[in-house]
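Only one structure is covered here, and it is reproduced in the block below.
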Amino acid sequence: MLKVDTNKCNGCHLCEKNCPFGAIVVINDKAEVGDGCTLCGACLNTCTMGCLTIERRRASPEELARYKGVFIFAECEERAGVTEPRKVVLELIHKGRELADKLGEPLKVIMIGPDAPMNTDVLLAHGADGVIAYRNKLLDQYSTDSFTTVLSAIVADKKPSILLMGATPNGRDLAPRLAARLRLGLTADCTALDIDDEGQLVQTRPAFGGNIMASILSPYTRPQMATVRPNVFPVGEATGGKGTVEEAVVTLSKGVIRTRVLETENLKAEGDEGIENAKVIVAAGQGMQTPENMALIRELAETLGGKIAGSRPLVELGWIPHTLQVGQSGTTVSPDLYVAVGISGAVQHLVGMSSARKVIAINSDPDAPIFKVADLGIVGDALQVLPKFIAKVKAAKAAA
Ligand code: FAD
């Protein structure tokens, strides 16, 4: 909390003027802190009297030790009347299993949804030791209020050491709300997760515009919370593990849900079907030079039975929609084959496709960084290479 030493405060209003959240008010020549304070610290440097201090909650080692287990929040969707986990949940179970084994702690999945059958078997088969399930008809559609209420109650009760969730649109909405509710740190969009020698979660993600990879620890709060984008980790084998399903007890009333989705609309345009789950992607970069040359990218994608995608500059140029952008500020993909044409291989692009199984790169610059991640590199002018490439694939298909 932000504390004011009223003996030193002279009511100068500097902190009040510099608080970005309007949370400080000077009353009777003394600064007073309101509920809007987020502990951002902006006021500290402006106070010339040194009367402001922030006391952050730091759990003691004994308190931290009470938190055990790697927990995954299962974002679900309804399929044929059954609540099913999304693919990203299975990806997180695969990584979570590795983390839990390193810690020697259990891996559990929290599955919440409407009053309908839940496919908990798939979670156990993929390696979870247990599922904590909660069903309520008020959870028939996602809302920040209802999901935060239920999830924060379960997390506060079960005290996991680590909580992971997918960085999907709903996950990105829920995770910060939950972190704020429980006063936790949160590392969003992690590209790697590991356990250090002290048993802490090492959360790696690009920082400063992707120019460095930051390794982030949460040493004073539990659970350590991180989100991971779909397709960053692979889905493991479903080996049919055994485990327990426990029903959670949480009170959820209609009154806490302040928003309802009244209508949803599907916008149909190129790229709306998405590239997230594409098996083959032909991605173009600025090396394609003109939008007309994208016809070659489309032809190759069609010949290979794949989808087109591109680097961020192509979105900025208006050649492709944002839904087709691969990378840090676009989509993360993990196709079986990724053909990168005229793409330099900036780190912000690579983080979005580094889990592709096979990468073919076509670039006129032999020193382009994309060649470092390519299984097959073709140095040459894309406009000359692509027609030959397409002809070869067509000939191979005809022969087959
Ligand atoms: P360039 O870097 O210009 O590379 C063009 C390549 O084409 C070169 O290697 C060149 O040798 C080659 N070339 C030129 N002519 C030919 C030819 N005739 N035949 C073959 N090759 C040729 N970028 C993304 O892609 N996705 C993101 O999500 C993303 N997010 C970002 C987020 C932040 C915060 C920031 C700061 C940047 C982000 N970027 C992102 C931008 C990124 O840094 C690069 O600028 C971008 O990826 C470069 O795109 P490019 O490779 O198409 O273009």
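If the condition is being near the ligand (Cβ under 8 Å from one of its atoms) and more than 22 Å from Thr290 (Cβ to Cβ), then segment 332-350 contributes Val347, Gln348. Would you tally the residues in segment 296-319 being crowded, with 22+ Cβ neighbours inside 10 Å and either of a type in the set (Phe, Trp, Tyr) or more than 21 Å from Ile378 (Cα to Cα) (or both)? Qualifying residue count for the region: 1. Only one of the listed residues (Ser329, Ser355) is hydroxyl-bearing (Ser, Thr, Tyr) and either away from the ligand (no atom under 12 Å from the Cβ) or modelled with pLDDT of 95 or more (or both). That residue is Ser355. Annotation note: Cβ proximity below 8 Å between a residue of segment 282-300 that is modelled with pLDDT of 95 or more and a residue that is away from the ligand (no atom under 13 Å from the Cβ) and assigned to a helix (DSSP H, G or I) (sequence gap 6+ or interchain) occurs for Val282/Leu300; Val282/Ala301; Val282/Leu304; Leu296/Ile390; Glu299/Ile390; Leu300/Ile390; Leu300/Val393. Within segment 276-295, the residues that satisfy the criterion of being open to solvent by 30 Å² or more (accessible area, probe 1.4 Å), out of contact with any Gly (no Cβ under 8 Å at 6 or more places or on another chain) and within 13 Å of the ligand (Cβ to nearest atom) are Thr290, Asn293. For segment 112-152, filtered to residues that are in contact with a strand residue (DSSP E or B) (Cβ under 8 Å, 6 or more places away or on another chain) and in a helix (DSSP H, G or I), the residue that is surrounded by the most Cβ atoms within 10 Å (Cβ to Cβ) is Leu123.
With respect to the conditions (1) open to solvent by less than 30 Å² (accessible area, probe 1.4 Å); (2) more than 16 Å from the ligand (Cβ to nearest atom), Pro230 falls short on a single one, namely (2). Any chance you could count how many residues in segment 67-104 are of a type in the set (Asp, Glu), open to solvent by 10 Å² or more (accessible area, probe 1.4 Å) and assigned to a helix (DSSP H, G or I)? Looking only at that region, the number is 2.
Applying the condition of being modelled with pLDDT of 90 or more and among the acidic types (Asp, Glu) to segment 29-53 and asking which residue is farthest from Asn10 (Cα to Cα) yields Glu32.
If you filter segment 204-223 down to residues that are under 25 Å from Ala65 (Cα atoms), open to solvent by less than 60 Å² (accessible area, probe 1.4 Å) and of a type outside the set (Val, Ile, Thr), you find that the one that is nearest to the ligand (Cβ to nearest atom) is Ser218. Only a single criterion out of (1) more than 19 Å from Asp365 (Cα to Cα); (2) within 13 Å of the ligand (Cβ to nearest atom); (3) not in a loop (DSSP other than H, G, I, E, B) is not satisfied by Pro313, namely (1). Taken over segment 358-386, the criterion of being more than 12 Å from the ligand (Cβ to nearest atom), in contact with a Leu (Cβ under 7 Å, 6 or more places away or on another chain) and under 19 Å from Met288 (Cβ atoms) is satisfied by Ile360 alone.
Quick grid of which residues meet (1) farther than 22 Å from Arg181 by Cα; (2) open to solvent by 10 Å² or more (accessible area, probe 1.4 Å); (3) free of Cβ contacts under 8 Å to residues at least 40 places away in the same chain; (4) touching a strand residue (DSSP E or B) at 6+ places or on another chain (Cβ under 7 Å):
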{"residue": "Val33", "(1), (2), (3), (4)": "no, yes, yes, yes"}
{"residue": "Cys37", "(1), (2), (3), (4)": "no, yes, yes, yes"}
{"residue": "Ala65", "(1), (2), (3), (4)": "no, yes, yes, no"}
{"residue": "Ile110", "(1), (2), (3), (4)": "no, no, no, yes"}
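The values are calculated or read from the model by the stated rules, or taken from the named source; none is laboratory data. Computed from a predicted structure; not experimentally measured. Positions of Cβ are backbone-derived with ideal geometry, glycine not excepted, and every protein chain shown enters the neighbour counts. The protein model used for the area step is the full one, side chains on, heavy atoms only, and it has no ligands, DNA or RNA in it. Shrake-Rupley method; radii C 1.70, N 1.55, O 1.52, S 1.80 Å.
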